[in-house]
Each structure stands twice: as C-alpha cells, then as structure tokens.
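Student: Got a structure for you, questions after.
Just so you know, all these numbers are worked out from the coordinates, no wet-lab data involved. Bear in mind the structure is a predicted one, so any value in this text is a computation, not a measurement. Neighbour counts run over all protein chains shown; Cβ positions are idealised from the backbone, glycine included.
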Amino acid sequence: MNKIVNLADNSSVYEVAKVTPLVNAEQLSERFGNQIHLKREDEQSIHAFKLRGAYQRMSSLTQDQMAKGVVASSAGNHAQGVALAAKKLGVKAYIVMPLSTPKIKVEAVQRLGGEVLLFGDIYDDAFGYAKQLEAERDLCFIHPYDDLEVIAGQATVAKEILEQLDKIDVVFIPVGGGGLIAGMASYLKHYAPHIKVVGVEPKDSPTLTYSLENNTRLILSDVGRFADGVAVKQIGEIPFEIAKESVDEMVLVSNDEICAAIKDIYEDVRSIAEPAGALATAGAKKYIQKHKITNQNLVAVISGANVNFDRLRYIAERADLGELNEAIIAVTMPEKPGSFLKFCRLLANQSITEFNYRYADSSKAHIFVGVGLSNGEAEKRTLIDRLRAGFEIIDMSDNSMAKTHIRYMVGGRANASSEVIYRFEFPERPGALLEFLEKVGTKWNISLFHYRNHGADFGRVLIGLQVDNTSELEARFDELGYFYHNETNNKAYQYFL
C-alpha cells in the first residue's frame, strides 16, 4: 500500500488527466437527508477514469518496451485509456475487444490511434487473445486492473477527493476487476483511516463480495452484462489482497436500481452515466436506507459515461421500477361483467401506467398492470393489500422475465404440449442466433420466441420449446456457453403465455 501511495503522490497522470470536479448532488442530498457528493470522472477526455491507470503504467515503460509497442484487452474504457496514453507517448497500441463491443467504443479507440482487433464474444476471450499476441509479438501487456502502477494511477482519484472536501464519512466506489477500489482504498486508509470505504457491485456480478465472504478469489460461473464496465468473473489478485485490509463494506444493487441512479445523476448534473458509472451512486442510496444514516458527507464516484444512445430506452423503462415509482402486478379476476370496474375502484386515485389483457378463459382472467407510485415500497404494500381484498394479486416488480419480455408479449396464449420456457442472453453479433438454432437442431419444435434489442452487448431472448426431457436440451445449451435460465415455473409465463 505504501508503494501505491508514493506512486500516486508523485504521479504523472496529469499529463493526460485533469482534476475532475466534486459536486454536491443537491436533489439527491435533499431526498436522502445526507450531503451526497459526486466525483465526476465522466468529465475526463475519454469520459471515464481509466486513462489514469493506463497512463501511469505506460509512462513507466522503458524505451525498449515503448519501441516494441503495447497490447491490451478491454470492452471499452480501458481501451480508450491505453489508446490515449499510447498517442501521448508515441507508442503503437493493439487493443483486443470482444466482437460484441458497441460500435461507439470501437470507433472511440480508433480515433485515438489504437489498432482494434475484434475477437471472441466476451472479455475473457479478448484477454486470452491479447496474452497470445503479447507472447507472439513481444509486446508489453497493459493490464486493466491487476497491476501496481495501474492501481496507483487510479489512486489519484482519492488524492483529489481528500483535497476537495474537508469532512468525508463514506466513499462509495464501483468494483469490477478491483483496480479503482484498490487504489482509492489504499490512499484513503493511509491519509484518512476514519473514512469508510464501501465497494458497490451489481447483484449479478458479485465478484469481490463473494470473494471477501469466502476469503478466497472465487471465479463466478457467469456475470451480468448490463453494467458491462464491471462485468468481470474474478477479482484481481493484487486488488483482492488490498481489499481484504482496506474495504469496510460491500453493497449489491439490482439493474433497476442502477437505472434509477442514472436518472438521479442526470437530474442533478445533466450527465448520462453508463451503468457501471452509476453503480456507486446506486450503492450510496441503498447504504443510506439500510443503515438509516443522516447528515453525513458521502462521496460516490461517477466512473464513466460511455453509454450507447440506443440503450437509453431500456434505462428509462427500468428507472421508475428501480426508484419504486412503479409497481408491476399480475391480477386474477373473474371473467364476468363488472370485474374491471371493481378493480379500478380499488385502485382509487392510483395512476395506471400500463394495462395488458386478452380474453383466454371463460372463468377467470389474468391482467398485467403497471401502477404509478409516489411513496415507494410502503405505498406498494398498502396498494397490494387493498387489491387483495377483492382479487388474487402477485407482485412482479422484481420478476426479470416479466419486466423484460412479458409486458411486451401479453395477448397470445397457446396450448403447446410439453412446452418449456428458457430465458437467454445472446451476444449481439452476426451469426449468434443462427449458431443457437443450429445447436438446438430440429429435434424440438420452437413454440415461442421473443427478442428485444436493448442497446447492450447482449440481447435478451425468451424461447419456448416442446420438449419431453430437458436434460438433453440443456446439455446442448451448455455447449453454447450462453447464459440461460429455465422460466417454465415462472408465474408470468403461466399466467400470460
């Protein structure tokens, strides 16, 4: 840790980086009864903090290493950091990126002079190919997080925070591979050990959380792709050793809570953070509610703002759910005149945001309803209790299948015998669907298919197949290596499809 602190105190990162503002989020602060400050790393020239670590590492290279060139693997922000550093230092940079990398990030690296090599579906594939190039071409590999120099470069974020705010109680830091939290925690605990360091991860990518709980670097079988900037299966070796000594607590947040935080940041500072960039803000909100703290000075790092424009639709759709401004419920009511009127009377003055229904059964109807909320979880509980006085109600606000697929599909039912339903995440690249269908083969009939592009690296697919034995089918799925989940017992499917 002392080496990291010394490197950070004498860092050369400001040859490419700037001291970013630390701003008070006035609306968030008022709502949550604390002073919430946002560290605006989205204002760097590449709209992310990654240029700090990349430049710190590359500026330490020997002349011989610089002459040979560097190679890096990244799905976005680290790639831009390496490309910018290489341009500044006059070094040739090869950047390996997954085939599913959004075009906006590929073009950003190319504009900075980096030579982009697209390889594999996920970061791990790109990493493997980059290491192969390192050996074949005698290049220097610039690791995105598991390197002391890189970690020291990221530590300069904490150095600035201590200079910008006199009193700090808690600092919230997003966690992927761990370079940022390792650097910042090292610096904070050296100069201000009283400050609590809280790491924030998505619920579907708890890399550091699970490793700390088990006191070993676990490898996750799969990670969520929504917050792609932190989609790492294993925490870095050096960051993990530092985190064990310096991180006070971890917070896990849902994708909907991340979307709500993106909206919060926009409303306060008029910047659109990427999902990983809003992670710390989402964690701060959850931490406040969990610990019921008031009148404290909290800092959350906005780590980046490289978000695809077409992803904003999905973010906007889910923000109200994450902020508990909307409830999604399934209502079972008798299929007879007057039922809908009775339901609306029980809603009283609640606003209906969505209503989906199609006649399917002569005795009862299943209705998919969105209801606006103004007082969060407490109001939702009161509403559901009131509705249950007259109808069977299921809360689907946390049902991923319902939110991603069902709300766009209600209206068709089929009596498909032996039907099973699976939810998939496909890499957004040409040929992925064909590869999937060829693996499934012609043995089983496809009875349902729904796909929606969310502007992400991975598209989300719902598929129904008529299958008597799922073990052989899932063996085929396992060969593909895509994330999937059996949703046949999901009430959303049983009620509406």
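Student: Can you find, among LEU347, MET58, VAL331, the residue sitting farthest towards the positive end of the charge dipole of the chain, where Lys and Arg contribute +1 and Asp and Glu -1 at Cβ?
Tutor: Farthest along the dipole direction, towards plus: LEU347.
Student: Short version: ³J(HN,Hα) in whole Hz for each residue of segment 303-320, in order, from phi by Karplus 6.51 cos²θ - 1.76 cosθ + 1.60 (θ = phi - 60°), x for Gly and Pro, what are they?
Tutor: 7, x, 9, 9, 10, 5, 4, 6, 7, 5, 4, 4, 4, 5, 4, 8, 4, 5
Student: Which order do GLU257, GLU425 fall in if you start with the one that has the fewest other Cβ atoms within 10 Å?
Tutor: GLU425, GLU257
Student: Taking the C-alpha atoms of segment 51-141, how large are the radius of gyration and the largest Cα-Cα span, Dmax, in Å?
Tutor: Gyration radius and largest Cα-Cα distance of segment 51-141: 11.9, 34 Å.
Student: Give the lysines reachable from LYS292 as a straight Cα distance under 17 Å; neighbours fewer than 8 places away on the same chain don't count.
Tutor: LYS196
Student: For the chain, what proportion of DSSP beta bridges, expressed in % and rounded to the nearest 5, is antiparallel?
Tutor: Counting DSSP beta bridges with both partners in the chain, the antiparallel share is about 60 percent.
Student: What is the magnitude of the charge dipole of the chain about its Cα centre, with +1 placed on the Cβ of each Lys and Arg, -1 on the Cβ of each Asp and Glu, and no other charges, expressed in debye to the nearest 20?
Tutor: Once rounded to the nearest 20, the dipole reads 920 debye.
Student: Of the cross-linked pairs LYS336/LYS380; LYS443/LYS491; LYS263/LYS286, which ones have a Cα-Cα span greater than 21 Å in the structure shown?
Tutor: Too far apart for the 21 Å limit: LYS336/LYS380; LYS443/LYS491.
Student: Arranged from highest to lowest average of other beta-carbon atoms within 10 Å per residue, in what order do the peptides 472-485, 312-325, 292-305, 46-59 appear?
Tutor: Top to bottom by mean Cβ count within 10 Å: 46-59, 292-305, 312-325, 472-485.
Student: Here's another thing I want to ask about it. Which value at 222 nm does the chain reach when only helices count, each DSSP H run of 4 or more adding -39,500 (n - 2.57), with the total divided by all residues and rounded to the nearest 500 deg cm²/dmol?
Tutor: -12000 deg cm²/dmol, from helical runs alone.
Student: Considering the convex hull of the alpha carbon atoms of segment 324-398, report its projected area averaged over all viewing directions, in nm², one decimal.
Tutor: 4.6
Student: When you count, for each residue, the other Cβ atoms within 10 Å and take the mean per peptide, how do 377-388, 98-109, 14-25 rank with the highest first?
Tutor: Peptide ranking by packing, descending: 98-109, 14-25, 377-388.
Student: Scan around PHE355 for amide H atoms under 5 Å from its own, H built in the peptide plane at 1.01 Å from N, and keep only partners 5 or more places away or cross-chain.
Tutor: GLY370
Student: Pull up all non-local amide H partners of ASN399: gap of 5 or more, or a different chain, and H-to-H distance under 5 Å with H placed in the peptide plane.
Tutor: Long-range HN contacts for ASN399: none found.
Student: Here is a follow-up. Going down the table (LYS403/LYS439; LYS87/LYS189; LYS50/LYS285), which pairs top 31 Å between alpha carbons?
Tutor: LYS87/LYS189
Student: Apply the Karplus parameterisation 6.51 cos²θ - 1.76 cosθ + 1.60, with θ equal to phi minus 60°, to every residue of segment 199-216 and state each ³J(HN,Hα) to the nearest whole Hz, in sequence, with x for glycine and proline.
Tutor: x, 10, 10, x, 4, 8, 9, x, 4, 7, 4, 5, 5, 5, 5, 9, 6, 7
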